[in-house]
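Working notes for the structure below.
The values are calculated or read from the model by the stated rules, or taken from the named source; none is laboratory data. Since the model is a prediction, treat every value here as computed from it, not as a measurement. Virtual Cβ from ideal backbone geometry, glycine too; neighbours counted across all protein chains shown.
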Amino acid sequence: MAQQKYSAKDLGFWRITISLAFASFFIFASMYVVQPILPVFVREFNVTVSEATLTLSLPILGLIIGLVMIGFFSDRLGRVTFIKYSLVFTVIPFFLIPIADSFYLIVLLRFLQGFALAGLPAAALAYINEEINHSSIGIATALYIASNALGGMAGRVVAGYLTDRFSWETVFYSFAGIGIVIAVLVILFLPRSRFFQASNLSFRKDIEGMLFHFKNPSILIIIGMGIVLQFSFTSIWTYLPFHLEGEPYSLSVKTISYTFFAYGFGVVGAPFAGWLAGTFGMKPIRIAGIIVLSLGIFLTIFSALPMIIIGLCVSCLGFFTAHSLTASTVAEEATHHKGSAASLYLVAYYIGVTLGSSAVGPVWNMSGWNAIVIIAGLLPVTYLAFVIIFQKKTVSKVIRTQVK
């Protein structure tokens, strides 16, 4: 009797779903753990703000490289091995960073950690699609993505709390311990692949499949939206701790870290946006999400702390709405090589993280918080206007061609 893919009624389904949820939680917590403690690095190592943000942008660069390389190998060697190794090699730098005697050694370790982080996102969704029945894929994917957001939120909040209560070194040792527990659980409980079929395509063919999308302007401008959305969102959250630790707020690292609970609006907002898109269509809800993101960012320009908190909550709701539906739009626009289109969007998304963390440093140094808010708030709606104009011209051109 032929093996059947796991459905929600099978134990194997829950072993996969829960294992990947824990793995995702840890990987994304590890990715963003430094964000609330960037001001501490500035003081502790006597580095500039731009240099401190390298502990966030360099791991993302490592992640981008890893996504391309590990994605290639996981198509040929399997998924489970890379998921497990991703967790193990993510843990190791957490032990080494606290004893590093140079800030740039910490940056190097974070870069290597970023490469290790890529093993999970490079293989997880493909593994879910291969092993889980089509009727249950939605549940597994939703829990996996929700764990991304929860991990990112928890990592920031816990890091801020532990730094303020103990030290920044305690943060990394604590995450090392958590990572060991999660890695052991995943190694023991994640089922082996049963339906994986190794690709026999050459690396050149994979690259050609990715380059195929560069000939399609409709996909490129949507992928560009991924860069813009993440650039704006990351720049606000990266420089928020520097803004709130200064006058007139003078907030502690622990208190600042509590602002990351605003991510809860994104965790709730993304599934709700999916439901609205099913009712009203993907495009209008995506546009609404982009506008809400910009509105929330602009609210943070006010000096009243409650207004800043409201702005952060609104921007999280808008960002996760726009991001989830933009990713879906890429898959919808791609007529061929849908997998490589999704990979391109993911790479663009993380390029936005890198630019939004370190590239904005000179703006902060020269003009401060208000300048960052204005740039981050205007960019999404400006790019949205460009996309709308481009799409209208494309439709008009197609109509004129058909008439002729």
- Reported set for the range 264-309 where residues are surrounded by fewer than 16 Cβ atoms within 10 Å (Cβ to Cβ), of a type in the set (S, T, N, Q) and assigned to a loop (DSSP other than H, G, I, E, B) is 303
- Note on the structure: Within the range 1-52, the residues that are in contact with a helix residue (DSSP H, G or I) (Cβ under 8 Å, 6 or more places away or on another chain), over 18 Å from residue 79 (Cβ atoms) and among the charged types (D, E, K, R) are 44, 51
- Quick one: residue 261 ticks every box in (1) surrounded by 15 or more Cβ atoms within 10 Å (Cβ to Cβ); (2) more than 18 Å from the chain's Cα centre (by Cα) bar one, so which box is it? (2)
- Task: Considering only the range 49-97, state which residues are under 23 Å from residue 170 (Cα atoms) and either surrounded by fewer than 19 Cβ atoms within 10 Å (Cβ to Cβ) or touching a strand residue (DSSP E or B) at 6+ places or on another chain (Cβ under 7 Å) (or both).
- Result: 51, 88, 89, 92, 95, 96
- Task: Scan the range 295-305 and give yes if some residue there is modelled with pLDDT of 90 or more and touching a Leu at 6+ places or on another chain (Cβ under 6 Å), otherwise no.
- Result: no
- Quick one: is residue 354 closer than 23 Å to residue 141 by Cα, surrounded by 19 or more Cβ atoms within 10 Å (Cβ to Cβ), modelled with pLDDT of 70 or more and touching a helix residue (DSSP H, G or I) at 6+ places or on another chain (Cβ under 6 Å)? no
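Quick test for you: out of 214, 166, 203, pick the one residue that is surrounded by fewer than 16 Cβ atoms within 10 Å (Cβ to Cβ) and assigned by TED's automatic domain parsing to the domain that holds residue 258.
Matching residue, one of 214, 166, 203: 214.
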- Message: Against the condition at pLDDT below 90, touching a Lys or Arg at 6+ places or on another chain (Cβ under 9 Å) and of a type outside the set (S, T, N, Q), how does residue 189 come out, does it pass?
- Response: no
- Query: Among the candidates 20, 63, 96, which residue alone is farther than 30 Å from residue 136 by Cα and assigned to a helix (DSSP H, G or I)?
  - Reply: 96
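Conditions tested, residue by residue: (1) closer than 20 Å to residue 361 by Cα; (2) not aliphatic (A, V, I, L, M).
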| position | (1), (2) |
| --- | --- |
| 225 | no, no |
| 230 | yes, yes |
| 243 | yes, yes |
| 246 | yes, yes |
| 261 | no, yes |
- Filter the range 114-158 for residues that are more than 26 Å from residue 33 (Cα to Cα) and either touching an Asp or Glu at 6+ places or on another chain (Cβ under 6 Å) or among the polar types (S, T, N, Q) (or both) and give the result. 129, 133, 135, 136
